[in-house]
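In what follows, a structure is listed as structure tokens, so that the remarks can point back to it.
The values are calculated or read from the model by the stated rules, or taken from the named source; none is laboratory data. Here the structure is a predicted model, which means the values were calculated and not measured. In this analysis, Cβ positions are derived from the backbone assuming ideal geometry, glycine residues included, and neighbour counts consider all displayed protein chains. Ligands, DNA and RNA are stripped out before the accessible areas are found, and what is left, the full protein with its side chains, is counted by its heavy atoms. Shrake-Rupley method; radii C 1.70, N 1.55, O 1.52, S 1.80 Å.
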Amino acid sequence: MERADQPSTRHPLTPDAISAYDGACHVLLDNWTGSSTVPSRGLYPHQWSWDSGFIAIGRRHLSPPRAQQELETLLAAQWGDGRIPHIVFNPEVPLDAYFPSPDFWHSTTAGRGAGAGAPRHVETSGIVQPPIHALAAWLVHRADPDTSRRRGFLPRVHPKLVAWQRYLTERRDLGGHGLAAIVHPWESGMDNSPSWDQPLAAVPPAAPGSFTRADLAHGAPCDRPTDLDYRKYVRLALDYRDHGYRDDLAPHPFAVEDPAFNALLIASEHALAEIAMEIGEDPSDHLVRAETATTALRKRLWDEEAGQFFSYDVRAGAPVRERSAAGLIPLIVPGLPEHISDALIATMTGPHFGLGTATTLVPSYALTGAAFDASRYWRGPAWFNVNWLLERGLRRYGAARRAAALRAAMLRAATDSRFTEYVDPYTGAARGSRAFGWTAALTIDLLAQGATEGLSTTTTEHTEPRPHAAGGLRDHLHASPTARP
């Protein structure tokens, strides 16, 4: 890979950091398919949307061209209405390896109708995942701007990313208040969060025995969503499919404005403004949309008394007062009033989430919540992508020491658990799949930040690793006799 001059200030990495880098590189190498990265070889054998965004963020430090390819492979499966599907299926994987498989979604037939425009050349799902992609594309560009410009990366992806954001802000504003709504729990990325129990209550489940789950062959049942949850997920997906995946026709019995989903949408509008300026276009539309969505997020989802954001059930016309980590993720949004950022940090570190006292990583659901379960998927375990976003938010709003402690805890948990999918928030015990793609990729991103800033120091304002920080990271590692590239 070509790269420019290295940062003038570099910090030596510890043996533990070298070991973390070594293990993370092996995970990404093993999970690479030739054009994209699977989250895990067993449980998730296809390309997932927001996984690829986080994976590209980590891969930019190893090979910016491969990180660009990760995103461009995903964008090649974009639908005509702008949506980026949450799964792009690999035709070489047997149908029974994952459920729901391509023969459930029927994207190339059910999704071909007017207004949806599913691609003919590849099978995908029909739903979406959180919009991390423009932020990922901007960070990938910054890792090696010269190579990015030479390859024309940003001019190629910019119109696709704009179409994706417009799909969400226009076709998915089901509540009419300027926020995107998810129409399936899987679209949140936090599949079985207790935040969805209330909106799912009125959804009739699919018939027992009408499908066979493949996930239980790769994980303990106590770690996975329940059969009843799955039957409701299947019913929602079938109804959407049978309406041609058209948001103007589908009834959407489940429609929820999720604070994490919308926070990432806002962050990506800010990233699109940066991309627009880089390629010589006017950024003002992106900035206006970001400001409008931020205002809607605060007015619609913020709860002053609770000190966090709550989801809003569009169908019930009421907030969902469940304390999930999704309500903390708006800390990544630029320009929050000080009283909101301070309250989010206080909630994160208080008794509900216990960061720094009861827990070293933020759990996916409040420790004090009635539905808390330390092992079951998104009902309590701590996830690395969520904590990566929160570490970023802590740095943005000046909580440097807390950010440094969280970063160190994430690195320890990733290596101790063999880059597991998620961990028990109390004990750090590994849960879910091992050798998980975004856990490895975000480990590399945190190490790259440490190579530039020093693993024991942070700044007091939001920063990104300088362009080509990865080169400094690699130089340190390649100088070590124990590290392998």
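Quick notes on this structure:
- One residue stands out in segment 120-170 among those that are open to solvent by 10 Å² or more (accessible area, probe 1.4 Å) and among the acidic types (Asp, Glu): the one that is nearest to Ser101 (Cα to Cα), namely Glu123.
- Matching residues in segment 232-255 - criterion: being basic (Lys, Arg) and over 21 Å from Ala316 (Cβ atoms): Arg241, Arg246
- Which numbered condition Gly115 misses (of (1) on the phi > 0 side of the Ramachandran plot; (2) small (Gly, Ala, Ser); (3) at pLDDT 95 or above): (3)
- Checking the stated criteria, Trp105 turns out not to satisfy the condition of being closer than 20 Å to Ala143 by Cα, of a type in the set (Phe, Trp, Tyr) and either in contact with a strand residue (DSSP E or B) (Cβ under 7 Å, 6 or more places away or on another chain) or touching a residue at least 40 places away in the same chain (Cβ under 8 Å) (or both).
- Only a single criterion out of (1) at pLDDT below 95; (2) open to solvent by 20 Å² or more (accessible area, probe 1.4 Å); (3) under 19 Å from the mean Cα position of the chain (by Cα) is not satisfied by Glu72, namely (1).
- Every test in (1) out of contact with any Gly (no Cβ under 8 Å at 6 or more places or on another chain); (2) within 26 Å of His177 (Cβ to Cβ); (3) among the hydrophobic types (A, V, I, L, M, F, W, C) is passed by Ala403 save one, and that test is (2).
- The single condition among (1) open to solvent by less than 10 Å² (accessible area, probe 1.4 Å); (2) under 27 Å from Gly126 (Cα atoms) that Gly307 does not satisfy is (2).
- Condition check for Asp248: out of contact with any Pro (no Cβ under 9 Å at 6 or more places or on another chain) and either hydrophobic (A, V, I, L, M, F, W, C) or surrounded by fewer than 23 Cβ atoms within 10 Å (Cβ to Cβ) (or both): yes
- Any hit, segment 109-119, residues being open to solvent by less than 40 Å² (accessible area, probe 1.4 Å) and among the hydroxyl-bearing types (Ser, Thr, Tyr): no
- Put simply, of Ile55, Ile87 the only residue that is at pLDDT 95 or above, closer than 19 Å to Val140 by Cα and of a type in the set (Val, Ile, Thr) is Ile55.
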